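Asker: Below you will find the structure I want to go over with you.
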């Protein structure tokens, strides 16, 4: 045996020893898990109170899933080593599927080299749906560096908004100013963007929330302070210096109070150096290109937004690497991570969410049907949407494709049209499927925005949708886009012509990307989504064939 052959033999022996060690480790883990199962079973026997049974079942399911995953890891390691022993590295990435296919072929013909079924029925019965739920929990878990950044921000915010008014002058602020008649699907993305801007540039976020609805809902009626910090500027007027508050608008219009040049910028006359700048849509391209601290040195920024221009900020070369670090190198759910902290529902809203979730199932398919969305279309203005059954058929198809068990699945419908509920009841009853709705919803043109309760219910419906396993939404509606991102769900949309579209990017829609604003970040990976997520709802082929809102017929 020559030296090369001896080296090969030695390497294989070393590899075999490593595999043996790994196998022992895996067996040890399995024994520990088995011990945990036995312990769990003994504990369960000692408790007769029925209230504990559900918790025990969940615990056992987690132990069982961990056992299955450990078993799979052990097999994968053994197969990988076997392939390497054969020296067949050029086929490695395809070998696993080949071996599995070959094994089942042997089983079909009653032969097996080992005499055992390495891929037994227990493996094939792995609960894929439970793994999907584990994946959602992983996707919605707060990134570690973002968690640290939030901790630092909270400390800074508390100091800046303490009762010492003089101390508040030491900080810079960005004030989000909401549009009075904009829907929440348009406003909330702007709040999230303002917060990230504050985080990246060491500013303090304040929220100036205004409605022009008949009975407006304040920010505090919709959301509660996360980690005990207050954003609602109306509740902070006793804590902030007048030199800061002088630039905060009173009504729903955004302008620096003392502006002397058309409302764009303002310099305080006291000589204090405090100043205000207004940032509106015409200024957005600067967000993608400039060092924002140099571009906007003013003490107070008023940020007016009814859109999700976040792609401009996260692709700014001055902050791009910081954003990647905050969100684990993934910018496809920036809004969602911010929303899951910043948009903590108020107690009243959360009660509605909890009550609704109690009526749902183990697997939930959310459907958002925006049937009254006004869209201009030349001389014929109105909503161009397909019949509700188009949504229902797709939801049923998708749920079955995913393997959702009919007996454990609930289809949850959020809509601005009572007729959609009636049609949903008839459709799903025909297939012996369950559909649920939120109690207390009122309907009107483009939804009901006439009371505080209705506006709170809108936030509650958005949150319930975000907690579903899947979402199908109405193309061009920011409401379902925000809900999907809130829950880290890559949703499908039904277009006006009845076709469906996978969004492929679980973020709210940047509506103005297709109006020239995209040129500042022409290489951004997310542009295909943002350029196609909104514009043209009423100009798709055959949209004129929709009869849904002609005479409000059913």
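The values are calculated or read from the model by the stated rules, or taken from the named source; none is laboratory data. Keep in mind that what you see is a predicted model, and the values were worked out from it rather than measured. Because the Cβ atoms are built from the backbone with ideal geometry, glycine has one as well, and the counts that use them run over all protein chains shown.
Asker: When you go through 118, 122 one by one, which is the residue that is more than 30 Å from residue 331 (Cα to Cα), at pLDDT below 50, more than 21 Å from the chain's Cα centre (by Cα) and part of a helix (DSSP H, G or I)? Working first, answer last.
Answerer: Details: 118 fails: part of a helix (DSSP H, G or I).
That would be 122, the only listed residue that is more than 30 Å from residue 331 (Cα to Cα), at pLDDT below 50, more than 21 Å from the chain's Cα centre (by Cα) and part of a helix (DSSP H, G or I).
Asker: Still on this structure, please answer the following. Select the helices (runs of 4 or more DSSP H) contained entirely in the stretch 126-194, then report the ones holding at least 3 residues which are touching a residue at least 60 places away in the same chain (Cβ under 8 Å) and closer than 25 Å to residue 331 by Cβ.
Answerer: 128-140, 144-160
Asker: Right, next: Here are 278, 312: which of them is surrounded by 21 or more Cβ atoms within 10 Å (Cβ to Cβ) and part of a helix (DSSP H, G or I)? Before the answer, list the steps.
Answerer: On the way: 278 fails: part of a helix (DSSP H, G or I).
Sole residue among the options that is surrounded by 21 or more Cβ atoms within 10 Å (Cβ to Cβ) and part of a helix (DSSP H, G or I): 312.
Asker: I would also like to ask the following. Restricting attention to the stretch 333-345, which residues are crowded, with 19+ Cβ neighbours inside 10 Å and part of a loop (DSSP other than H, G, I, E, B)?
Answerer: 333, 343
Asker: Assuming residue 321 fulfils every condition listed in (1) more than 15 Å from residue 488 (Cα to Cα); (2) surrounded by 21 or more Cβ atoms within 10 Å (Cβ to Cβ) apart from one, which condition is it?
Answerer: The number of the failed condition is (2).
Asker: Only one residue in 355, 330, 419, 393 is out of contact with any strand residue (DSSP E or B) (no Cβ under 8 Å at 6 or more places or on another chain), part of a helix (DSSP H, G or I) and modelled with pLDDT under 95, so which one is that?
Answerer: 419
Asker: Working carefully through the options 211, 202, 232, find the one that is surrounded by fewer than 16 Cβ atoms within 10 Å (Cβ to Cβ) and within 27 Å of residue 509 (Cα to Cα).
Answerer: Every option except 202 fails the conditions.
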